[in-house]
Amino acid sequence: MGSVEMEPLLLAWSYFRRRKFQQCSDLCTQVLEKAPYDQAAWILKTRALTEMVYVDEIDVDQEGIAEMVLDENAIAQVARPGTSLKLPGANQTGGPSPAVRPITQTGRPITGFVRPGTQGGRPGTMEQAIRTPRTAYTAHPISSSSGRYVRLGTASMLTNPDGPFINLSRLNLTKYAQKPKFAKALFEYIFHHENDVKNALDLAALSTEHSQYKDWWWKVQIGKCYYRLGMYREAEKQFKSALKQQEMVDTFLYLAKVYISLDQPITALNIFKQGLDKFPGEVALLCGIARIYEAMNNISSAAEYYKDVLKQDNTHVEAIACIGSNHFYSDQPEIALRFYRRLLQMGVYNCQLFNNLGLCCFYAQQYDMTLTSFERALSLSENEEEAADVWYNLGHIAVARALLQTASSLAPHMYEPHFNFAALSDKIGDLQRSYVAAQKSEAAFPDHIDTQHLIKQLKQHFAML
């Protein structure tokens, strides 16, 4: 029997379902060349092109100088303590102190998970922004969130070498607004792929009018357009109106994002908690509350909400990483180690994780794994900044070895400093000094099993030389 070819449009839909968007788009192009008015192929290609450049709008954007200078929503230059994300203030309700936990230049505590807005913070003045050094976690000080969207719009053109798939200047938006299925696909294409917020807003407004203002989805899209244009109060009205018609998790997240941009974290927290009343246990809402508490330096409250996140989703990487970081800075490296090992079991494999594992092993006095973890971190580092962080932490090990040697000389009757010095020297490769220290540890505590095991290993090594 000969092979049976699948109908092209059905095959394109299969590619779309398997997230092979380029193949789907190419196949739809072939269908449209033969039948230019095939509506199904047109919609499918529009959706495929949109998915290729789709960016989740819910995540908080990194603010740049453009947003800082042109901010028309600032109410007060000096906010009350505990009411602003720009000046998080002193630690609240007993987490690790800022003297222990490192902070950014704007006073915001460094989080356990890198996400937009957590590392850079908002510079107070133009001079501060220009002088802000570039790091591995922050954007270049001259760039802004609006610049990111421009770059995405430029990159989207690469998917169509012959020009845009849809010529927006010739579209009759009123006609498409009367066809809801076409309008929604077209809106997402204009908003995400073409990055033409003005035309997207016009289409959304016409479609809302056609639906007699009863479609909550279009109100959310208008709110997204207003937010992208920096019109936060208008966006707030649209999201609130949408919530009155239909309560959705995403709408709560968008509305909270507006209040975060307006630097009203308390109001954002209230919105998240209203969402939890309607959607109990929703991970995205719980995580949003934890992020705000962490940004406000209320570490203990943030940890409680991250624990609630793990009750709902025990594989949530951000919650695991942040709880592990909190335990580490609370002088509980053994507990932090359990969380980071959990990430390793889940398949997270990068320089930062092994760097954290090395630090936890070091402070938990598990020296057998310390250097191994740092070596793996160095091999996985992707830039000079990451490598510098690892080498900085390795410097602490060299200092610790010197301190252990001093401790063993001050208290020769204690086996602990002798054994730790021996174990650390063995990992560094100083086997002779390791053997001498292990013998002193054995003299101080003859029945110590780890000391006996280390001496046995060293003797075997010397016997092979």
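Run the 1.4 Å probe and let me know the accessible area of Arg342, rounded to the nearest 10 Å².
Rounded to the nearest 10, that gives 90 Å².
I need the calculated FRET efficiency for the pair Ala387 and Phe279, taking r as the beta carbon distance and R₀ as 56 Å, to the nearest 0.05.
Efficiency, rounded to the nearest 0.05: 0.85.
How about the stretch 362-465: which trypsin sites (Lys or Arg not before Pro) there are in a DSSP loop, with at most 14 other Cβ atoms within 10 Å of their Cβ?
Here no loop site has a sparse enough neighbourhood.
Any idea what log10 I(q)/I(0) is at q = 0.12, 0.16, 0.19 Å⁻¹ for the stretch 202-342, Debye with uniform C-alpha scatterers and no solvent?
Result of the Debye calculation: -0.56, -0.84, -1.03.
Place +1 on the Cβ of every Lys and Arg and -1 on the Cβ of every Asp and Glu in the stretch 187-239, take the dipole about the Cα centre, and give the residue among Asn199, Tyr189, Tyr226 whose Cα lies farthest towards its positive end.
The one lying farthest along the dipole's positive direction is Tyr226.
Please report, to one decimal in angstroms, the Kirkwood hydrodynamic radius of the stretch 296-356 built from all distinct Cα-Cα pairs.
This gives a value of 11.7 Å.
Using a 1.4 Å probe on the protein heavy atoms, what percent of the accessible area of the stretch 387-459 belongs to carbon and sulfur?
60
For q = 0.17 Å⁻¹, what log10 I(q)/I(0) does the stretch 349-432 give under the Debye formula with an equal point scatterer on each alpha carbon and no solvent?
Listed by q, the Debye log ratios stand at -0.66.
List the aspartates and glutamates whose Cα lies under 16 Å from the Cα of Lys307, skipping any in the same chain that are fewer than 8 positions away.
Of all the aspartates and glutamates, those that pass the test against Lys307 - Cα under 16 Å, at least 8 places apart if same chain - are Glu282, Glu294, Glu318.
For the stretch 386-463, what ratio Rg/Rh do Cα atoms give with a Kirkwood hydrodynamic radius? Spell out each step's value before the answer.
Numbers: Rg = 13.3 Å, Rh = 12.9 Å.
That ratio equals 1.04.
So what's the stretch 165-244 giving for Cα Rg divided by 2.2 N^0.38 Å, two decimals?
The value comes to 1.02.
Among Thr315, Leu285, Asn297, whose Cα lies farthest out toward the positive end of the dipole of the stretch 285-417, if unit charges sit on the beta carbon of Lys, Arg (+1) and Asp, Glu (-1)?
Thr315
Counting other Cβ atoms within 10 Å, keep those with at most 13, restrict to DSSP loop, and tell me which chymotrypsin sites (Phe, Trp or Tyr not before Pro) in the stretch 310-383 are left.
Tyr349
Sticking with the crude label model, points 7 Å out along Cα→Cβ, report the distance from Arg338 to Glu51 in nm, one decimal please.
For the pair Arg338/Glu51, the computed spacing is 4.1 nm.
Under Stokes-Einstein, with the Kirkwood radius over Cα pairs standing in for Rh, what whole-number D in µm²/s applies to the stretch 313-456 at 4 °C and 1.567 mPa s?
Answer, rounded: 80 µm²/s.
Applying 1/(1 + (r/R0)^6) with R0 = 60 Å to the Cβ-Cβ distance of Gln30 and Arg233, what FRET efficiency is obtained, to the nearest 0.05?
Result of the calculation: an efficiency of 0.80.
Using the beta-carbon distance between Gln178 and Tyr37 and R0 = 22 Å, what value does 1/(1 + (r/R0)^6) give for FRET efficiency, to the nearest 0.05?
0.80
Please check which bits of the stretch 244-286 a label hung off Asp313 would reach, taking the label as a point 7 Å along Cα-to-C-beta and the cut-off as backbone N under 18 Å.
So the set is 248-257, 272-273, 275-286.
Picking from Gln352, Leu371, Tyr415, whose Cα lies most toward the positive end of the charge dipole for the stretch 341-465 (charges on Cβ: Lys, Arg +1; Asp, Glu -1)?
Tyr415
In Å², and per residue, what accessible area does the stretch 244-347 have when probed at 1.4 Å with the other protein chains present?
Accessible surface, normalised per residue, equals 42 Å².
The values are calculated or read from the model by the stated rules, or taken from the named source; none is laboratory data. Treat the numbers as computed from the prediction; the structure is a model and nothing was measured. Note: ideal-geometry Cβ built from the backbone for every residue, glycine included; neighbour counts use all protein chains shown. Just so you know, the surface numbers come from the protein's heavy atoms only, side chains and all, with ligands and any DNA or RNA stripped out. Shrake-Rupley method; radii C 1.70, N 1.55, O 1.52, S 1.80 Å.
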